[in-house]
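Okay, so here's the structure we're looking at.
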Amino acid sequence: MEQLPPDVKLLAVSKFQPVEALMEAYRCGQRRFGENRAQEFAEKAKALPSDIEWHFIGHLQTNKLKLVLPYAYMVQSVDSVRLVEAIEAWAARRDRTVRILLEEHLGAEETKQGFTEAELREVLAHAEQYGHLRFCGLMGMATRTGDEAVIRRDFGRIAGLRQEILTEMPQLKDFTELSIGMSGDWRLALEYGATCVRIGTAVFGPRPGPEK
Ligand SMILES: *Cc1c(COP(=O)(O)O)cnc(C)c1O
């Protein structure tokens with residue numbers, strides 16, 4: 001992969017990849033990995049070196065928190081109030097703080113995952129109720145399409161929302177991340193201020209097994 005600007009984080013999305021593939025990236029210096037299934041996340045986190053920063057990026061069911069939260073540096077894919085509350089409760093019981101990104105539902109018709117803009121504002125307006133969560137920013141997935149105008153519309157929406165939140169809610173001092181951009185659209189994402197790009201196939205090659 002070409003060089004990213006130095007202030008943009010590369011999250012290597014290693015879902016479906018065998019542990020050896022992750023180790024190869026690790027030996028090349030990669031330390032941030034993203035997984036989207038709870039069981040696989042836990043297994044890899046246990047098997048791989050402890051200085052890896054693990055990001056969860058898939059739909060997280062509340063009954064799977066115990067697989068993910070002990071190892072997660074960040075949960076990027078928080079997509080419902082129910083999940084916000086469940087993570088808060090989990091963290092409060094253990095006197096821990098969990099870093100999260102709120103996922104905005106963008107165009108992608110094939111998935112309903114993510115908050116609407118209104119829901120997302122509502123959660124952030126009550127952020128102080130969640131003393132064990134660190135609201136670190138937004139995550140979004142653009143519509144899966146070859147139509148650049150549609151992808152730009154999606155990225156423009158989430159980048160605009162982020163800007164508004166930063167202006168309207170300066171008390172959210174950790175709200176710095178914008179996680180947008182995947183293998184097919186990360187160059188565009190940089191134009192919209194991505195601070196983290198989540199790259200799978202462009203790092204590891206095609207995923208073995210089922211495409212998800
Ligand atoms: C799989 C996945 C990616 C990476 O997709 P690629 O197209 O392989 O780069 C990024 N973000 C999320 C949420 C994913 O599930």
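The values are calculated or read from the model by the stated rules, or taken from the named source; none is laboratory data. What you are looking at is a predicted structure, and each value in this text was computed from that prediction instead of being measured. All Cβ positions, glycine included, derive from the backbone under ideal geometry; neighbour counts span all protein chains shown.
Just wondering, is there one or more residues in the range 98-120 that are more than 16 Å from the ligand (Cβ to nearest atom), touching a Ser or Thr at 6+ places or on another chain (Cβ under 6 Å) and not in a loop (DSSP other than H, G, I, E, B)? So far as the range 98-120 goes, no, none of its residues is more than 16 Å from the ligand (Cβ to nearest atom), touching a Ser or Thr at 6+ places or on another chain (Cβ under 6 Å) and not in a loop (DSSP other than H, G, I, E, B).
Matching residues to (1) of a type outside the set (A, V, I, L, M, F, W, C); (2) crowded, with 21+ Cβ neighbours inside 10 Å; (3) modelled with pLDDT of 95 or more:
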position: ASP174; (1), (2), (3): yes, no, yes
position: ILE180; (1), (2), (3): no, yes, yes
position: ARG187; (1), (2), (3): yes, no, yes
position: GLY200; (1), (2), (3): yes, yes, yes
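Of everything listed in (1) surrounded by 13 or more Cβ atoms within 10 Å (Cβ to Cβ); (2) at pLDDT 95 or above; (3) under 18 Å from the mean Cα position of the chain (by Cα), the single unmet condition for ALA91 is (3). Checking the stated criteria, ALA142 turns out to be within 16 Å of the ligand (Cβ to nearest atom) and in contact with an Asp or Glu (Cβ under 9 Å, 6 or more places away or on another chain).
Against the test of being part of a loop (DSSP other than H, G, I, E, B), closer than 19 Å to GLN76 by Cβ and of a type in the set (Gly, Ala, Ser), the options GLY58, GLY29 yield a single qualifying residue, GLY58. Looking across the range 161-172 at every residue that is surrounded by 12 or more Cβ atoms within 10 Å (Cβ to Cβ) and in a loop (DSSP other than H, G, I, E, B), the one that is farthest from the ligand (Cβ to nearest atom) is identified as MET169.
Return the pairs, sorted by first residue and then second, in which the second residue is surrounded by fewer than 16 Cβ atoms within 10 Å (Cβ to Cβ), the first residue lies in the range 133-157 and is aromatic (Phe, Trp, Tyr), the beta carbons are less than 7 Å apart, and the residues are 6+ apart or on different chains. Final answer for the pair search is PHE135/ASP174. Go through the range 173-203 and report how many residues are within 8 Å of the ligand (Cβ to nearest atom), in contact with a Phe, Trp or Tyr (Cβ under 9 Å, 6 or more places away or on another chain) and of a type outside the set (Lys, Arg). Here the count works out to 3. Select from the range 189-198 the residues that are without any contact (Cβ under 8 Å) to a residue 60 or more places away in the chain, surrounded by 15 or more Cβ atoms within 10 Å (Cβ to Cβ) and not in a loop (DSSP other than H, G, I, E, B) and list them in ascending order. ALA189, the sole residue that qualifies.
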